[in-house]
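So that we are looking at the same thing, I have put the structure below in structure tokens.
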Amino acid sequence: MNKIKLTIVMLVVAMSTTVFGQKTVKIGHINSNELLSAMPERTQIQKDLETYATDLRTTLETMRKEYETKIKEFQGKQDVMTEVIKNSKIKEITDLEKRITEFQQTAEADLQKKEEELLQPVIDKAKEAINAVAKEGSYTYVLDSSVGVVLYSVEGDDILPLVKKKLGL
């Protein structure tokens, strides 16, 4: 009976020593979307993006009106057009259709690029603040609760070489 008690006491002491010998892990989390929305720069960025998008929509609308006008004109006069003029007008309308499609695609890409360009300084500012708070609070990891990504972590062991070795790579 005494041996069992002694074994249990030694096991408890050994486990507590192991626990105290390990680093403490402190995990924090933040909703980065909420943080970015709360930043005052976000309002101006949103206004700038809306203005940019409005300019693109206006240009697209002008192109569509031109297209509709050309279609109506063609439909109204096609009976009296010669074959050469008819083919020329069809080509002109087809080219305008292509330009409109290309403009739509380019405009979407440009709008996305503009958003990234405007948001990057704000994202960098937020990331610097997160890193500073994490260091000050001695956090081991900070997770982004809005997307489930690690935003900050202390230096740790890179186990990639060990995993590669295990896989024979």
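Got at least one residue in region 122-142 being surrounded by 13 or more Cβ atoms within 10 Å (Cβ to Cβ) and at pLDDT 90 or above?
yes
Inside region 109-148, can you point out the residues that are hydrophobic (A, V, I, L, M, F, W, C) and in a helix (DSSP H, G or I)?
Once the filter is applied, which keeps residues that are hydrophobic (A, V, I, L, M, F, W, C) and in a helix (DSSP H, G or I), region 109-148 yields A109, L111, L118, L119, V122, I123, A126, A129, I130, A132, V133, A134.
Given the condition in a loop (DSSP other than H, G, I, E, B), of a type in the set (S, T, N, Q) and under 21 Å from the mean Cα position of the chain (by Cα), answer yes or no: does some residue in region 31-48 qualify?
Yes; the residues of region 31-48 include at least one that is in a loop (DSSP other than H, G, I, E, B), of a type in the set (S, T, N, Q) and under 21 Å from the mean Cα position of the chain (by Cα).
Given the criteria modelled with pLDDT of 95 or more and either β-branched (V, I, T) or within 30 Å of P40 (Cα to Cα) (or both), does T62 qualify?
Taking the combined requirement at face value, the residue satisfies it.
Does M10 fit the bill of being at pLDDT below 90, more than 27 Å from L118 (Cβ to Cβ) and not in a loop (DSSP other than H, G, I, E, B)?
The answer is yes for M10.
I've got another one for you. Go through region 40-83 and give me each residue that's surrounded by 11 or more Cβ atoms within 10 Å (Cβ to Cβ) and acidic (D, E).
Within region 40-83, E41, D48, D55, E66, E73 meet the criteria.
In region 118-136, what count of residues is obtained for those that are out of contact with any strand residue (DSSP E or B) (no Cβ under 7 Å at 6 or more places or on another chain), farther than 18 Å from S37 by Cβ and small (G, A, S)?
Total meeting the criteria: 1.
Continuing with this model, one more query. How about region 70-108: which of its residues are under 19 Å from R57 (Cβ atoms) and either of a type in the set (S, T, N, Q) or outside any helix (DSSP H, G or I) (or both)?
Across region 70-108, the qualifying residues are T101, Q104, Q105, T106.
The values are calculated or read from the model by the stated rules, or taken from the named source; none is laboratory data. Fair warning: this is a prediction, and the values are worked out from it, not measured in the lab. Neighbour counts run over all protein chains shown; Cβ positions are idealised from the backbone, glycine included.
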